[in-house]
1. Please name all residue pairs, on different chains or six or more residues apart, with Cβ atoms under 7 Å, provided the first residue is in the stretch C:266-277 and is closer than 9 Å to C:F28 by Cα and the second residue is aliphatic (A, V, I, L, M) and open to solvent by less than 10 Å² (accessible area, probe 1.4 Å).
2. Given the condition within 10 Å of chain B (Cβ to nearest Cβ), modelled with pLDDT of 85 or more, part of a helix (DSSP H, G or I) and farther than 14 Å from C:I90 by Cα, answer yes or no: does some residue in the stretch C:229-241 qualify?
3. Of the residues C:D279, C:D275, which single one is charged (D, E, K, R), within 8 Å of chain B (Cβ to nearest Cβ) and not in a loop (DSSP other than H, G, I, E, B)?
4. Of all residues in the stretch A:88-103, which are facing another protein chain (nearest Cβ under 7 Å), farther than 24 Å from A:P126 by Cα and surrounded by fewer than 24 Cβ atoms within 10 Å (Cβ to Cβ)?
5. Out of the stretch B:115-141, which residues are within 11 Å of chain C (Cβ to nearest Cβ), touching a residue at least 40 places away in the same chain (Cβ under 8 Å) and open to solvent by 30 Å² or more (accessible area, probe 1.4 Å)?
6. Which condition number does A:A106 fail, the rest of (1) closer than 25 Å to B:L122 by Cβ; (2) open to solvent by less than 60 Å² (accessible area, probe 1.4 Å); (3) assigned by TED's automatic domain parsing to the domain that holds A:V230; (4) assigned to a loop (DSSP other than H, G, I, E, B) being met?
7. Considering only residues that are open to solvent by 20 Å² or more (accessible area, probe 1.4 Å) and more than 16 Å from the chain's Cα centre (by Cα), look in the stretch A:162-188 and name the one that is farthest from A:F33 (Cα to Cα).
8. Search the stretch C:150-167 for residues being over 29 Å from B:S298 (Cβ atoms) and within 12 Å of chain B (Cβ to nearest Cβ), and hand back the single one that is surrounded by the most Cβ atoms within 10 Å (Cβ to Cβ).
Amino acid sequence: MTSTTPPLLSVRDLTVDFRTRHGTVHVLENVSFDLAPGEIIGIVGESGSGKSVTAFAIMGILDKAARILSGDIRFENRDVMAMSPRARDLWRGKEASIIFQNPRTALNPIRPVGDQIADVIARHTPAAPAEVKARVLQAMRQVRIPDPEKRMSAYPFELSGGLCQRIGIAAALACEPRLLIADEPTTGLDVTTQAVIMDLIRDVARAGNLGTVLITHDLALASEYCDRIVVMHAGHVVETAPVAELFARPRHPYTTGLLGSVPSLVESVHDLRAIPGSLPDLRRSDLPPCRFADRCPRHQPGCEAPGLRPEPAGPNHLVACRYPL
Amino acid sequence: MSKIVWRILSSIPTLFGVLIATFLITRVLPGDPAVFFASNPAMSNEDVEKIRVALGLDKSLIEQFWIYLGALWQGDLGTSISTGQPVATEMLTRLPASAELTIFAFLLAIAVSIPLGVVAALKPGSWVDQLCRIIATLGVSMPTFVTGLLLIYLFYYILGVAPEPTGRLDPFMFKPPTVTGFILIDGLIDGDPETTWAAFKQILLPGITMAIFALAPLARMTRASMLNVLSSEFIRTARANGLTRRKIVMTYAFRNAMLPVVTSLGMTFSYMLGANVLVEKVFAWPGIGAYAMDSLISLDYAPLQAFMLIMAGIFLLVNLVTDLLAGLVDPRAGLS
Amino acid sequence: MAATHSSTGRLATLRYILSENRLHQVAFLLFALLILAAILGPLLAPHDPLATNPDDALMPPSATYWFGTDQLGRDVFSRVLVATRLDMLIAFGAVGLSCVAGSLIGAVLGYFGGVLDTVSSRFVDVLMAFPLFVLAMAMVAALGNTVMNVIYATAIINLPFYVRLARAEVNVRRHMGYVEAARVGGSGHGRILLVFLLPNILSPLVIQASVNLGWAVLNAAGLSFLGMGVRPPTPEWGILVAEGARFIASGQWWIFLFPGLALMLAVFTFNLLGDALRDILDPRART
């Protein structure tokens, strides 16, 4: 943890429940991590581990069913959750932005894409229509959309998935935010486009000194583009470490399981291992302190003791395990 | 552009089917038209046969159908047996009354149901939402003729604020010169707002009766569609980009939510056309529904045939218009 | 054993949903009342619904005549109550007919597809182009003015909904794993349709049917209000309203109002029931 630069974003002990017809789901519990200015971190975990909920909670766009029970989210040392709804609206899209998976459905199907970018610009930095249009074109050029003059009047259904995601990125970056959250940005795109979009995100993030949170289930992808990785499991942050450190010395049994289940990270197919079991039922009221315990090969009686927290386990390395590797 | 032409062409088979159906319905109606024409029971079989030949009933069905089409092409909808008048003329004089009432009620229903459905969807569980639910469930449960009678009893008999429910205009008032056929508008054109006001008072109760009928499905659909759109991903994107609530609701959600509602307007309009017959009956409204009904009772089938043809024609037209309208709003339809 | 278990499980779910939602309870209660009135109506009626009594003509509601009397001194309450059976018979008859016929036709069309399917779709389009009430009017006129024909006409105008529903539902299911498995297992088309496909589309059909019951009552009452189908002096809600309408101008509101309310209540019940069934049978549609 570099204590010299103050973090751009700091999430502390974020706990979120979802109230559903089938009971209360304990989606997040005491999620904490930091993001430095210009840093790219990856939040990695299986689907259902709470990655997207974390992102939505930071942006303040959770469903009505969600309840933030506790936690502290600070952006440049400002308490984001204490902002008035109006201030938070003005913060969203201007200082902090998010892009989503399924770029095609994330755009309004019956509004020209240029207008959708213009809506964001006009909202946060009002200007004359000609000025707004010039900035729309500039935003589109920034994400390397060919022939932006023509494309700005196109509708999402007329563009490829990759182009739609570029539009999403252009809208997100149009007002030059300092935080970008990319929620599975390449899910739903074909493989070649995935790499192009990821390169683009990294390039714009580096060029604009953007603090970036990449949310993905793909550990290999995260390792390629991120500085640091936050591993999540069943609503807990189980391990946080710089990429090289995490790969060299994974401490949490879940992380080793994840590393062993990624084809490109193991030496041969025979070394591929699936993680046994599945996520625990998060509706249980008696969830164990370690939610990985039931699946863990190193499970010991001491795991049941309460008060499990991430503890330092090396340089910039945190792990939430009583018996780390 | 070619899609518009294609959409128009695609309604031709249905139109042709409608023509066959309306042609056939008079063939299966009980009794021999020639016998009805020969209303004098003293007529001999020979005379009946002569009339049958005169009416073309001795020809084959196919031939008769072609004759029917030919007549239609020239605007001939047959002759009413009971009045001896050409049906086309009678329909033309009565159509504006029905059209004025239906359109008035349709606009009224849209003006109430769409804001109601939108607000209900924006605040689920609020009193507006409850009101929307109650109206949606009660509205579809109200038989139009009972609603009509109830309104007459309340506003005419008890409160005395509504005029006597007999037609489009107080019998002591003069009809303005016909320009559009809609008294509400013709009164204004004539520079006689008093007539328009009188006509408005007349149309209010039957209009409300029909509107209540159409309100329920429209409000229900608007609410459902709006809820559906509000939970979609692009609304989340708009929120994440910090757009104002007003912008999100009006530009992003509302326009998308209206697409299925607009396409369903044709169906709603069709329901209203069906209810028209009952409402015209209750309010003694001199429209085509009441005319067709009277003809049916006096076993005079040409007006019924024409009525059904006009109804189906209007339905196809309204559906065409709403499809094109939805196509203009929705770029994916490729009409613009 | 397993069957018993699953049926008690379903009953428990039903009880849970009912206890959770007051409106659903009301729906089932009203429905039970309606059915009871239809079955026991003639036994419960305090007066003979057809007996005229000129001395007591046009009496307002009182302890003797709960809903008042009409111009011939007949007891409006008894007439409204006794009419329940006829209106329910028409509704259930018509909806039963169109549901069975429509879903079979639709299932066959959806399963086999092809030219027959295209032609039938066009036919349904033509049918739907007419306002349904007007179509029913014309059909009763064509077939003859009897109660049976009102049932047939109502069944025919409701047919397209079932055909479309069953066709669409079967169409998406016909290539699903369990259907393919049945085919590979040697089941014939008929068996696949009846055993594997139709039971699976029962839920949407039942929901549609309960909503249609409301339409069917409205439709039948509307027709008899116009003097088609049921003939006086047979008590039927639409006719009763039509008869009562003549006395509004002279202030005798009870003759039209009570049958009108009975009609509304019946349609309201079927609509509530439809919502309740949708909630219970189709969890996805819950709001």
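The values are calculated or read from the model by the stated rules, or taken from the named source; none is laboratory data. None of these values were measured; they are calculated from a predicted model. Cβ atoms come from the backbone with ideal geometry, glycine included; neighbour counts cover every protein chain shown. Ligands, DNA and RNA are stripped out before the accessible areas are found, and what is left, the full protein with its side chains, is counted by its heavy atoms. Shrake-Rupley method; radii C 1.70, N 1.55, O 1.52, S 1.80 Å.
1. Partner pairs satisfying both residue conditions: C:T269/C:A27; C:L272/C:A27; C:L273/C:A27; C:A276/C:A27.
2. yes
3. C:D275
4. A:N102
5. Those that are within 11 Å of chain C (Cβ to nearest Cβ), touching a residue at least 40 places away in the same chain (Cβ under 8 Å) and open to solvent by 30 Å² or more (accessible area, probe 1.4 Å): B:P124, B:L138, B:V140.
6. Evaluating A:A106 over (1) closer than 25 Å to B:L122 by Cβ; (2) open to solvent by less than 60 Å² (accessible area, probe 1.4 Å); (3) assigned by TED's automatic domain parsing to the domain that holds A:V230; (4) assigned to a loop (DSSP other than H, G, I, E, B) leaves (3) as the failure.
7. Result: A:L163.
8. Here the answer is C:F161.
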